[in-house]
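One structure, pasted below without further comment.
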Amino acid sequence: MRINQTKAYCPFSNVAKYLLVLVLLGGALFSSFAKSKALPYKDFKLSPEERATDLLGRMSVDDKVHQLMAVIDGNPISFDDDFLNDEAKMKEVFGQGVYSVQPLFLDIKETVKRRNSIQKYLLEQTQWGIPTIFVDEGQHGLMRIEATVFPMAIGLSCSWNTALFEEIYSLTALEMRSRGAQHALSPVIDVCRDPRWGRVEETYGEDPYLCGILGIAAVKGFQGTTDGSVADNHVAATLKHLCGHGQPQGGLNQAPANYSERSLRTFHFPPFEMVVKEAKPVSIMPSYNEIDGVPSHMNHWLLNDVLREEWGFEGVLVSDWNAITQLSTKHFVAKDKKDAAMKAFNAGIQYELPRPNYYTVLPELLEEGKIAIADVDKAVYESLLLKFQLGLFDDPYVNVNEAIEISKRPESRELALRAAHESIVLLKNDESLLPLNTGKYKKIAVVGPCANHVYTGGYSGEPYQKITILEGIKEKVGEEAEVLFAQGCRIVDNIENSQLNWKANDIMFTPREDNLKMIAEAVDVAKEAEVIIVAVGETEHLCREAWSKGHIGDNMTLDLLGEQQELVDAMLATGKPVVVYLMNGRPLTINDIVEKAPAIIEGWYMGQETGTAVADILFGDVNPSGKLTITFPKSVGQLPMFYNHKPSAQFHNYVSQDNLPLYPFGYGLSYTTFSYSNMKLSSDKMLAGEEVTVSVDVTNSGKIKGDEIVQLYIRDKVSSVTRPVKELKGFERISLEAGETKTVQFTIDDSKLAFWDYNMDYTVEAGEFEIMIGKSSANVFSKNLSVE
């Protein structure tokens, strides 16, 4: 990690000027590391800003550049005991400091030991004693062993519950911080508009407003504040990936997102702008893809003109892993390492992840005048300031016993279960087959490749225990019914835990002859039962981040893979009642199942409490309340398909199929029924700059308590440029006892009506707006509002 030494530079910023005397008087201390404790930046009584300014003024360019790069445990060197006890190796990697250390999948004891050892070395054995920031992933719980695993993001979003989001990400932050991490590379708030994309599972769905609102809640949970600071027991959050990442060409990860500025500002920018302004995340990670031919990691317009100048982002910009390298090796917009580093750094990428690579040439670029020392100083200052604010210079160590205690708290399991309860979506329930009555069904067959294995999705931790659907049902029915099991078929043969499935390069599909044999065995078992629960879907091999030609995760089909459809057909052919449970990461084209199966549950990846949550739903202890946050198409031939399409899209039918979705955005059933009435506007006219309210009475017209997610949509009926047929502009999750009525009210102001007009001005145009409230994007009641 050595970089050519360059003489020290002292910036004369406003903050630094009054410290000049201290810096000069302290010059003698540079020659004696033993006396360094007397330096002002070591004084905890000074403010973080004063300490960071003082330390920055003492550092050489070489020192500074090391604070702009990360290292990664395990690639190429594992920070194991042999490494930690080898002074030469420690000095080689950490001798001049490092900005951050990227995550490795380890248990608590090993994680804490390594992190404490590295911090101790950095504080005590390096010239300036600058600690590092440890990084973790946490899109649906901490991505480490012995961590709480929540429903995958696409499933969690189906709860539409912002308070739940804050709880989950706050707990995730606590588990991270207790193990010595201070920075989360989460949340993902990409708007997913192509379900072929393997990272759809990591997103909060297809709607920009919903992704923004849930993203705000996630950042509040991670950071514990909304002012850009990081509260105790919380971590810095990273918004990713700016921008267009969720609608790649062909559905292939990292492919171009060459959409017009108007499209970007309408569909992809809003969640990032919302979160930046409302929650103030500490950092943002740009996307791998290009926009209008310019990769995001060298897009000055995106990262400076829009993000910093227009939205007012004041945090730091970190690269995605190896994305700077891709400027020269994949995008071919840079001729070599120096050219790529220069373009990325000058565009605003301050820190290179996950290891020192292209930014090792920054000193050369400084000497050649191709980057500015002021930009280097700004980035280093922000790194140092964050480390001072986090208290790392004074006490960076964590207690392993405390970390273990936090990881085993029963309330964490309770939260994971509640999250699964609220996220599961009931898609179909003909003749009220569900909830099941154990008094009626004394033999229950549980069948399928997802019945006795818990898939938790990509970027997943590994919990102390996971409950399979089979285990959950057995625990639920006890002695009241006999539970029969048959594998039915397998999807792939190389099944391990979710983390290893996700990382495995090979996808070893189960041979057809093996599956046909298992299907026949399952039919024999099913014939003995009175009701059948068949669990099918995907594994982490099939829907995941594709990060190389040898590690793929995008798909050209949304059909069930392998012989799963044949398994479901065989179960239906028995003539027994069949409940189809889906465990998956992306919307699936299950047309035949929708046509033939009496009951269907969309379970996504529901986390560690999958089996308990599913059993609670199946047998009616919990009333399903989740609603889809992404459209289910009938075939890939319909793509792109999303509810907020333009008027001329989805206008004609296809020769072989209609243009309607299989299931629309916002859809989800309950064991009770809800009726909407008395929708009214406080005024049917509004002046720009004013506001009106719209309200509706929602009644639980069924016989049991239930939760309903009330959705507000708006359409500009005539505009200077084409506008979506409807856009989500508000929602509220309410709980109603049987027979209870509540009035739900939304405020409509300029923020819900404005758009980018013909001249690319963000404005509210006078005219008629259709205000819609309903149960889903396809089931609404409406009133007209005139804006003058």
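FYI, it's all coordinate maths here, none of it is from the lab. In this text the structure is predicted, and so the values were computed from the model without any measurement. Quick reminder, even Gly has a Cβ in these numbers, built from the backbone with ideal geometry, and neighbours come from all protein chains shown.
Could you work out, for the chain, what percent of all Cα-Cα pairs fall into each 20 Å distance bin, beginning at 0 Å and stopping at the bin that holds the largest distance?
16, 47, 30, 7, 0
Another question, if that's okay. Could you tell me the calculated FRET efficiency between E314 and E479, based on Cβ-Cβ distance and R0 = 51 angstrom, to the nearest 0.05?
0.25
A further question on this structure: Once every DSSP H run of n ≥ 4 in the chain is given -39500 (n - 2.57) and the sum is divided by its residues, what mean residue ellipticity at 222 nm do you get, rounded to the nearest 500 deg cm²/dmol?
So the calculated ellipticity at 222 nm is -8500 deg cm²/dmol.
Turning to a different aspect of this structure: With charges only on Cβ, +1 for K and R and -1 for D and E, what is the dipole size of the chain about its Cα centre, in debye, rounded to 20?
For the chain, the charge dipole is close to 840 debye.
Next question. What is the calculated FRET efficiency for K120 to M508, with r their C-beta to C-beta distance and R₀ = 51 Å, to the nearest 0.05?
0.70
What whole-number distance in Å separates the alpha-carbon centres of segment 718-743 and segment 141-160?
Comparing the Cα centres of segment 718-743 and segment 141-160, I get a distance of 26 Å.
Just add up the charged neighbours of A257: K/R +1, D/E -1, any other residue whose Cβ is under 11 Å from the Cβ of A257.
Taking every other residue near A257 into account, the sum is -3.
Using +1 at the Cβ of each Lys and Arg and -1 at the Cβ of each Asp and Glu in segment 154-232, identify which of S170, L185, I216 lies farthest towards the dipole's positive end.
L185
Another question, then. Apply the a/c threshold of 1.5 to the C-alpha gyration tensor of segment 90-215 and tell me whether it is rounded, prolate or oblate.
Prolate is the answer for segment 90-215, as a/c is 1.5 or above and a/b outweighs b/c.
Round to a whole angstrom and tell me the spacing of the C-alpha centers of segment 292-336 and segment 657-713.
Measuring centre to centre over Cα atoms gives 40 Å.
May I pose another question? Counting other Cβ atoms within 10 Å, keep those with at most 15, restrict to DSSP loop, and tell me which chymotrypsin sites (Phe, Trp or Tyr not before Pro) in segment 375-466 are left.
Here the chymotrypsin sites (Phe, Trp or Tyr not before Pro) that fit, given the DSSP loop and packing criteria, are Y397, Y464.
If we sort 254-263, 76-85 on the protection proxy, mean other Cβ atoms within 10 Å, highest first, what's the order?
Sorting 254-263, 76-85 by mean packing, highest first, produces 254-263, 76-85.
Among the aspartates and glutamates, select those whose C-alpha is under 17 Å from the C-alpha of K726, and discard any that sit fewer than 8 residues away in the same chain.
E206, D207, D716, D749, D750, D757, E765, E768, E770
Name the aspartates and glutamates eligible as straight-distance cross-link partners of K596: C-alpha to C-alpha under 14 Å, and not fewer than 8 places from it in the same chain.
In chain and number order, the partners are D430, E431, E566, D569.
Run the dipole for segment 303-376 about the Cα centre, Lys and Arg Cβ at +1, Asp and Glu Cβ at -1, nothing else charged, and hand back the magnitude in debye, nearest 20.
Computed about the Cα centre, the dipole is about 360 debye.
Follow-up. Net charge near P587, counting Lys/Arg +1 and Asp/Glu -1 over other residues with Cβ under 13 Å of its Cβ?
Every neighbour counted, the sum reads -2.
Further question on the same structure: Kindly state, to the nearest 0.05, the FRET efficiency for A88 paired with Q565, given R0 = 56 Å and r defined as their beta-carbon distance.
After rounding, the FRET efficiency stands at 0.45.
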